[in-house]
Amino acid sequence: MELTEELEWRGRRVRWARHGSGPPVVFCHGTPWSSRLWAPFAEALGAEFTTYLWDMPGYGRSSKDPEHRVSLDVQGELLHDLIAHWELSAPHVVAHDYGGAVALRARLLEGSAFASLVLADVVALSPWGSDFFRLVRDHADVFAALPAAIHEGVVRAYVAGASHSGLTPEQSDMLVAALPGAGCPGPGRLGPGGRLDTGRSRTPARGADPGLSAGARRRGGPPDPAGPARRARHDPAPVAVVPQGRAGRLAPAVSQHAPRVAAQHGVGVLP
């Protein structure tokens, strides 16, 4: 499923694709992945749903300009604007890893309406990221300066460790992708502007989670630290949570009926 469409958004080029017919389902990838992770699911659901894939800026086939921020607040605002661009009133949303925080920000901070939300092994609450992720964040310039062969080995080891069942060589090649040219950190690059240097939306207050509480504000309004929690408590959209270690069960669940993944496969639904 190729991303044949492109949206110009705040100087960024966002690649996306639509497939199938029926109620809309929007997939959100994580880091260091791209929408290729969700392509088999989007294709399998095409007979019953209209599925949407997109690459976040800094990932996959979307633009990777070093001067463009790729933090959570930017991606959440983009998802909100994409849903409006697609003219979707309330899609089902399926999100993995960092994409979970992006989807939650679009829903709770930007006001996007969701019919349902599936969170598969997501990153949204403190502590933020793995030990390796924090090492890259704190020493980004060092990782960016690694020789190409060593850098690729580090990236491949990181990507391989993120799969519960293991990756085929073809899957590893697809996820790591080609190393970027000089001056333009790209899909597989560690460091400023690269996929693993996603950064936080803003520096959170002590004890706040970086995915939602940090810089909590509606666009055009004053900061509202309590807003996300208040809106979440009254959110009518059902939320299915697929915890770490059980995300492998998502494949048969999504291919059967994505919006009811939790009810059909024993994953708890949060009211």
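Readers should treat all values here as calculations from the given coordinates under stated rules, not as data from a laboratory. From a predicted model like this one, the values you see are computed outputs, not experimental measurements. Every residue, glycine among them, receives a Cβ derived from its backbone with ideal geometry; neighbour counts consider all protein chains shown.
Tabulated data for the structure shown
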quantity	calculated
Karplus-derived 3J(HN,Hα), 6.51/-1.76/1.60, for each residue of region 92-103, Hz, glycine and proline x	6, 10, 10, 10, 10, 6, 4, x, x, 5, 4, 5
Computed over region 1-54: relative contact order in percent, which uses C-alpha pairs under 8 Å that are six or more apart	42
Estimated distance in nm for a label pair at Thr168 and Asp131, the labels positioned 7 Å out from Cα along Cα-to-Cβ	3.3
Loop-resident sites, region 50-105, for trypsin sites (Lys or Arg not before Pro), counting at most 12 other Cβ within 10 Å (DSSP)	none
GluC sites (Glu not before Pro) lying in DSSP loop within region 65-128, provided at most 12 other Cβ fall within 10 Å	Glu67, Glu87
Point-to-point label distance, Thr4-Ala84, nm (Cα→Cβ direction, 7 Å offset)	2.8
